[in-house]
Structures are given as C-alpha cells and as structure tokens.
Amino acid sequence: MTRILAIETSCDETSAAVLAGSGDATALESLVILSQDVHRVFGGVVPEIASRAHLTAIVPVVEQSLREARVSLADVDAVAVTNAPGLVGALLVGVSFAKSLAFGAGKPLVGVHHMEGHLFATAIEHSEAVPPFTALLVSGGHTLLLDVPEWGSYRLLGATRDDAAGEAFDKVAKLLGLPYPGGRHIEALAGTMTGENPLRFSRPMTRRDQQPGDPDYFDVSFSGLKTAVLHAVRERSLPPRPEHGEDPDAAARAAIAAAFQDALVDTLAEKTYRAARLHGRTRVVLGGGVACNRTLVARVAERVRPFGATVYAPSVRLATDNAAMIARAGLFRFERGERAALDLNAYASQPIPGMIAA
Amino acid sequence: MTAPPTLAIDASTYLGTVAVLRGETVVSEREAAMRGEHEERLMPAVAEALDAASVRVSELARVVCGGGPGSFTSLRIASSIAKGLCMAHGLPLFAVPSLALMRPAGRLLLEEGRWLALLDAMRGDVYATLLDVERGGRVTAASPPRLIAAVDVDRVAAEFGARPIGAGLRQEGRPRASALASVAPELIAETTLSSWEPSYGRLAEAQVRWEAAHGRALTAG
C-alpha cells in the first residue's frame, strides 16, 4: 500500500488530498478544496491574484488534508504535485512548496500532469472507470477527446479548435448577463425552459458525411456557436439582465441558454460516440468541470447506449479541479517508479505524458 | 558551542540567494538564476547550501525568508520553499525586508552611514528603503519600502543624506541571503507560517484597475 499526499494549484483552487492504495484499488482519505471567490468580480481568473491567494492558503489546506486523513507527514510515502498545465505563477506555488515539503520530510516527489489527473478522477469513485475507455475531458481550459487503451497510453483523437467547452459556457453566460463561472447558471436557466424550444443552433462539425480520418471528424469548434448566440441576443434586442428582481425576458434568455447547451452537448455527445464506436470501447469516462453538467452526461449516455457502452462521470468535487485526482494519477506514476528532481518546474502547457499517435 | 543553524532565502530579484548561517558566521552560500525556462533552480540551491553546511532540515533552528518587495513570482517561489521546509519539521518562519539584505557587489558589508537601498519596480519606478548602518557594517534600521520614480532617486537620497545603492547604480549592489549575518535581530520578525506572505510592493494590476473603477478596495471572499 502506498499513501500519497497531493497538491494542486494550477488555477484558482488550492487543493490537497491524501489517497492510499495500490493499482486500481485506492481509497480517498481526505480532500480539501479552497476555492477563490475573489475572481468572480473580474469575470475570470486573475493570475497574480490567484498566485498570491495560493501562497496564503497552501499551509492550512495541506495541514487540513493530513488532519482529515488522520495521518502525519511521516505516514505519507510520496508527495505528488501538479506541475503542468495551468497558470505558471499559480503552479509554482504548489510546485515549490511540494518540493521543499518532500525534501524536508525526506519523501519522494512526483510531478503530475493536470489533465492526466482528470482522466483518473472518475476511477476514484467508480472502480469500473478504468481502461480501456474513451475519455472526454471538458473544462474551462481544455476540450480533449482521447482513447485510453491503458493507463499511461493516451491517444489524442480530437480537441477544440478555438474555445474550450467551459470557456464557451462562460462567454455565453456573459452574453446572457449571467455570473461567472457560467456553466451551472446556464444549465439552471436552460432547465427553466418549458415546451418546444423555437430556437435551434446548428451542431458544429457534425456532418453525416464525415469519415474517420477527416480532420474534423473528432475535433470541435465552439466559436461559431458563440457568435450564433450573440446574434440571437441582438435579434431579440434583449436588454441587460436586471441584477435584482425578476427578469422580464427570462423566457427568451432561457430559450437561448437551452438552445446553446443543446447544441454544445449534442456536438460533444456525437464526437464521443464516434470515438467509442471506432475504437470499440464499452466504457466512456467524462472529466473536467463541464462534466458537472447533467445534460451533457445524460446526452452522452443516451448516444452511446445503443452499442452497450456505459458512461462514468465524477461527482462535482472530483470533476472540478482537485488534488484527489492528482493523488490518484500520482500513485500511478509513483508505482511506475517515476520521481521528480528538485529542479521540477511549472509549465503553462505541456502534452500529457504517454500520448500515442492516433 | 556553535550557534544553531539558520537557513536564509531571498529571491526579490531575478537572482535568488540562499545561505546557511550560524550566528554571524556564513557557513555556506548558493545563488540561482530565477525563472529558468526548463528547471527551477532555487530549490536545488537550498539543498546544496544545506549539504555544503552538513545541516539537515530537521536541525535548522529557523528559516528566514526575504520578505520583499521585488519580483512577484520570484518572491513567491522563495516563500513557498520556505513554508514547505518549515511545515516539514515545525520550524518557525521569520521574514526580513529584502532591501535590508542589500550589500555592495564584491563586498560583505556596507560602509557605516545611511544608505538608500533600491530595487527595480519596473514601469520607471524603484522600491526604496533607507538603511542605517553602524560601524562594522551591521544594518540597524530599515524604513518601510516606498515606491518612488527612478528619476527621483538622487533627489530623495540627497534629502535624507543617504547614498544610493542598487543594481546599475554607481554603488552597485543587490540583496543577498548571506547578508542576514549583519542585520540587527530587530529587523528579523517571526511570522505566522500559515498566513504569511511577502510584501509584494504593488497590488496586482487587475486589482489596481478594478479599485480605480469602483472607488473602493477589493476585499477577498
């Protein structure tokens, strides 16, 4: 049995977790996530403010994770830390802290790729969510469609050509006068839509005549969809949404939100279906903050059900950025004998280790 | 009997420095270019300085971190390293104003008198601190750092009867962790490990703009 203490500071969540186990049999002993609410006023994450907040949060968050797991640093076998991709200044707090903590405590250190963490997140809660599977990772910064024949081997099938799925949610939320981050506000507003939606946006890059091997067979693009939303808002001359009280245009806004969400999730469901079918996968694993969207989970499940595939999605805490998934991926890397040196650095972007040709 | 070892770290500029000290004796010293493209060098420098001094982290009496102002990211790397070491062994974390660690290039000590220690704050500004130095080179007082225009340096120095020292000045100098050996104990303050952060010298640019637009301070939460 190996016990991992993991630290994640890639964006605006300071998180630490303790996880113990071996192979795919693991138990999450604690997970602490401190979210920085301050960025809401900016409508997006401000890197310098996020980095400063990580520095004052890191010690209490790590201490709490050890306390909740009822272990001390001495009981930990290795320290895992996210070192890419993300906001470099934010990542550097976690990386520098993890390096000195591990060095001081005489423990090995493992660097973890944030997106590989998302691939492992679902397996913490669902023991069946293990390779081989098709993975759809959807967050504010990434939209990746992967085939995963085994842990550590990742075949990149498709990605977004412009906005990430979560980014599209945030931008459309802004157009509709909804707060940041926009995902759950759009989903809630779309949920108020009653009856047949008179509005329909086209599903980008999902023509029936596309073939595997076509460059756009798996890729997605959401910037056109965002523009379509902008036109819909303008055509209806929707006034700004009132900050307080009832919105007289709530129905019109709900129709736009629902039409946008439908187009986005249908596109992702179609691409995921194509990936699972082509590679004969019977398991589909979702990850990333947008995997919190229940319409997405239901639509993907509906699309892949005809050929007997099951969809696994993480709970909200494990879908959004968290250190539990870093601990789980860190355990995998640790068991493979991987160790990070004291000069471990942080990187804004980096391919997931183990990427194989499509 | 030798004094218990202190680890000093400062990264207020693009050159990070590390020293292991016993009392006023510098046992080992290392430096590292900050923000390397492919590797982060300050942590290896810390390990090397400890190794050269044959001191384990658990044997340290305390860690003293340069408390800014200076380069935001570099300050944070040093602070994060200091916090991790302290947490690993329950060590106390102390902070010293980075400008109190200013020393002339090629020499260990400042001459007696009053100095205006300066660090580049970008956009035409510098961070400035007045240092009082007694005979023998000990820094006995450091004023709170102020942001002043680089073109005003000579005027401010003359006003306070101080000699300017800093990077690119006639008296070339930069902060060095080993200079902690000649800083009066009153300038080295114990911090609360969990909540401590360096004095960055400036707010984040986005916060400055937000506060200007809203006419009030941005509060966290």
Taking A:Ala27 and the conditions (1) aliphatic (A, V, I, L, M); (2) away from every other protein chain (no Cβ under 14 Å); (3) surrounded by fewer than 24 Cβ atoms within 10 Å (Cβ to Cβ); (4) in contact with a helix residue (DSSP H, G or I) (Cβ under 6 Å, 6 or more places away or on another chain), which numbered condition does it fall short on, given that it satisfies the others? (4)
Is there a residue being surrounded by 24 or more Cβ atoms within 10 Å (Cβ to Cβ) and either more than 10 Å from chain B (Cβ to nearest Cβ) or assigned to a helix (DSSP H, G or I) (or both) anywhere in the stretch A:64-77? yes
Picking from B:Thr17, B:Thr25, which residue would you name as being of a type in the set (S, T, N, Q), more than 10 Å from chain A (Cβ to nearest Cβ) and in contact with a Lys or Arg (Cβ under 7 Å, 6 or more places away or on another chain)? B:Thr17
In this structure, is B:Pro198 within 10 Å of another protein chain (Cβ to nearest Cβ) and touching a residue at least 40 places away in the same chain (Cβ under 8 Å)? yes
Taking helices (runs of 4 or more DSSP H) that do not extend beyond the stretch A:88-194, which have at least 1 residues that are under 28 Å from B:Ile81 (Cβ atoms) and away from chain B (no Cβ under 14 Å)? A:114-125
Going residue by residue through the stretch B:75-82, is there one that turns out to be within 14 Å of the chain's Cα centre (by Cα), under 30 Å from B:Ser58 (Cα atoms), in a strand (DSSP E or B) and modelled with pLDDT of 95 or more? no
If I filter the stretch A:304-318 for residues that are under 21 Å from A:Gly21 (Cβ atoms) and free of Cβ contacts under 8 Å to residues at least 40 places away in the same chain, do I get at least one hit? no
Return the total of residues in the stretch B:46-74 being over 14 Å from the mean Cα position of the chain (by Cα) and not hydrophobic (A, V, I, L, M, F, W, C). 7
The condition of being touching a helix residue (DSSP H, G or I) at 6+ places or on another chain (Cβ under 7 Å), on the phi < 0 side of the Ramachandran plot, at pLDDT 95 or above and not polar (S, T, N, Q) holds, among B:Ala158, B:Ala177, only for B:Ala177
Strands (runs of 3 or more DSSP E) contained in the stretch B:88-207 and holding at least 1 residues touching a Gly at 6+ places or on another chain (Cβ under 8 Å): B:93-96, B:102-104, B:113-122, B:125-133, B:146-149, B:163-166, B:173-175
Return the pairs, sorted by first residue and then second, in which the second residue is of a type in the set (Lys, Arg) and part of a loop (DSSP other than H, G, I, E, B), the first residue lies in the stretch A:334-358 and is within 12 Å of another protein chain (Cβ to nearest Cβ), the beta carbons are less than 8 Å apart, and the residues are 6+ apart or on different chains. A:Asp343/B:Arg41
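Each row is one residue, and each column tells you yes or no for (1) within 26 Å of B:Pro185 (Cβ to Cβ); (2) not assigned by TED's automatic domain parsing to the domain that holds B:Ala33.
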{"residue": "B:Ile81", "(1), (2)": "yes, no"}
{"residue": "B:Ala88", "(1), (2)": "yes, no"}
{"residue": "B:Leu91", "(1), (2)": "yes, no"}
{"residue": "B:Gly124", "(1), (2)": "no, yes"}
{"residue": "B:Leu130", "(1), (2)": "yes, yes"}
{"residue": "B:Pro145", "(1), (2)": "yes, yes"}
{"residue": "B:Ile148", "(1), (2)": "no, yes"}
{"residue": "B:Arg155", "(1), (2)": "no, yes"}
{"residue": "B:Phe160", "(1), (2)": "yes, yes"}
Which listed residue, of A:Gly287, A:Gly280, is surrounded by fewer than 16 Cβ atoms within 10 Å (Cβ to Cβ) and over 16 Å from A:Glu187 (Cβ atoms): A:Gly280
Could we say that A:Arg52 is under 26 Å from B:Leu93 (Cβ atoms), away from chain B (no Cβ under 12 Å), in a helix (DSSP H, G or I) and not hydrophobic (A, V, I, L, M, F, W, C) here? no
Just checking, how many residues over the stretch B:28-71 are assigned to a loop (DSSP other than H, G, I, E, B), within 11 Å of chain A (Cβ to nearest Cβ), surrounded by fewer than 18 Cβ atoms within 10 Å (Cβ to Cβ) and at pLDDT 95 or above? 1
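Rundown of residues vs (1) more than 17 Å from A:Thr267 (Cβ to Cβ); (2) surrounded by 15 or more Cβ atoms within 10 Å (Cβ to Cβ); (3) of a type outside the set (S, T, N, Q), yes/no style:
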| site | (1), (2), (3) |
| --- | --- |
| A:Arg200 | no, no, yes |
| A:Arg207 | no, no, yes |
| A:Pro215 | no, no, yes |
| A:Leu230 | yes, no, yes |
| A:Glu243 | yes, no, yes |
| A:Asp247 | yes, yes, yes |
| A:Arg253 | yes, yes, yes |
Mind listing just one residue for me: the one in the stretch A:35-46 that is of a type outside the set (Val, Ile, Thr) and either buried (at least 18 other Cβ atoms within 10 Å of the Cβ) or facing another protein chain (nearest Cβ under 7 Å) (or both) and, of those, farthest from A:Leu92 (Cα to Cα)? A:Phe42
Can you name the residue in the stretch A:322-358 that is β-branched (Val, Ile, Thr) and in contact with a helix residue (DSSP H, G or I) (Cβ under 7 Å, 6 or more places away or on another chain) and, of all such residues, is nearest to A:Phe120 (Cα to Cα)? A:Ile326
Of all residues being among the hydrophobic types (A, V, I, L, M, F, W, C) and surrounded by fewer than 17 Cβ atoms within 10 Å (Cβ to Cβ) in the stretch B:129-149, which is nearest to B:Pro69 (Cα to Cα)? Just the residue, please. B:Leu147
Can you pull out the residues in the stretch A:85-108 that are crowded, with 24+ Cβ neighbours inside 10 Å and aliphatic (A, V, I, L, M)? A:Ala90, A:Leu91, A:Leu92, A:Val93, A:Val95, A:Ala98, A:Leu101, A:Ala102
Screening A:Ala164, A:Ala159 for residues that are without any contact (Cβ under 8 Å) to a residue 60 or more places away in the chain, more than 30 Å from A:Ser72 (Cβ to Cβ) and among the hydrophobic types (A, V, I, L, M, F, W, C) leaves only A:Ala164
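The values are calculated or read from the model by the stated rules, or taken from the named source; none is laboratory data. The shown structure was predicted, so the numbers you read here are calculated from the model rather than taken from an experiment. Neighbour counts are summed over all protein chains in view; Cβ atoms, including those assigned to glycine, are modelled from backbone coordinates with ideal geometry.
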